[in-house]
Structure formats: structure tokens, C-alpha cells
Amino acid sequence: MPLQKLKQELLQRKIHLERQVVTIQHDLRQAHSSDLSEQAQERENDDVLNALEHNAEQELMHINRALQRMEQGDYATCSVCQDIIALERLTAIPYTSLCIQCANRTS
């Protein structure tokens, strides 16, 4: 059953991302050095961590929407044209809500 496998993959990815966000948030709360040169490096590191956190949260949002679409029974339906999203596309990008044609139109 391919949709069940995709759901499991989404749930596993969700758990991984949630753990990643917690770790990043913990790292961002760490005290900074009193050394000015160290502070500059720490600020750069914080910028990278903030970007990683943002990306993880965005992917989590997409995954949660995909899981919700699964529960509603319209997971494999394109949110724009209402056509079926090919299984190959869902396998490649399990949280997509667009068929390949609509995805190409929006990019």
C-alpha cells in the first residue's frame, strides 16, 4: 500500500525535524562568549542556525498539511487543478500538494 508507506515516511521525517528544531533552539539559547572575536563567530553561527530552524519549520508545515490531506482523503489530489498527483511525484516529494503541471506553472 504505497500511501501508507508515504505516510510512514512523512511521520518519520516529521519526528526528525521536530528533534532538529528542539536541538537548534537549545543551541541558540547557549550563552555567548565575552571575547569580541568569538562573539562575531557565534553570531554567524546563530544566523546559520536560524536559517536551519526556519527551513525545518517550513518543511514541518508542509508535512503537517500533507498528513492532514491524508486524513481528509484528498492527499493525492492537486490543490490547484484537482487532478490526481502521480504516485512518482508523491514518492519524490511526499508533501507536495501540486501535480507536475501545476508545479511547473508556478515556478
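Bear in mind that the values in this text are calculations on the coordinates, not laboratory data. Being a predicted model, the structure only gives us computed values, none of them experimental. For neighbour counting, all protein chains shown are included, and Cβ atoms are generated from backbone atoms with ideal geometry for every residue, glycine included.
When shorter helices are ignored and each DSSP H run of at least 4 residues is given -39500 (n - 2.57), the per-residue value for the chain at 222 nm works out to -24500 deg cm²/dmol. Charge tally for Glu53 (other residues, Cβ to Cβ under 13 Å; Lys, Arg +1; Asp, Glu -1): -4.
For the chain, the longest principal axis of the C-alpha atoms and the axis of helix 2-28 are separated by about 10°. Near Thr77, the amide H atoms lying under 5 Å from its own belong to Ile85; only residues 5 or more places off or on other chains count, and H is placed 1.01 Å from N.
Place the peptides 64-77, 35-48 in order of packing, highest mean first, counting for every residue the other Cβ atoms within 10 Å and averaging per peptide. Working shown, then result.
On the way: 64-77: 14.9, 35-48: 11.1.
Averaged packing, sorted descending, gives the order 64-77, 35-48.
The alpha carbon gyration tensor of the chain gives principal lengths a ≥ b ≥ c with a/c of 1.5 or higher and a/b greater than b/c, which makes the shape prolate. Figure legend: label point modelled 7 angstrom from the Cα of Asn64 along Cα→Cβ; residues of region 83-106 with amide N under 18 Å from it are 95-97. Note on Gln30 and Asp83: the extension gain reaches 14.3 nm, defined as 0.36 nm multiplied by sequence separation minus the Cα-Cα distance. Rounded to the nearest 10 degrees, the inclination of helix 36-72 to the longest alpha-carbon principal axis of the chain is 20 degrees. Figure legend: label point modelled 7 angstrom from the Cα of Glu42 along Cα→Cβ; residues of region 6-27 with amide N under 15 Å from it are 26-27.
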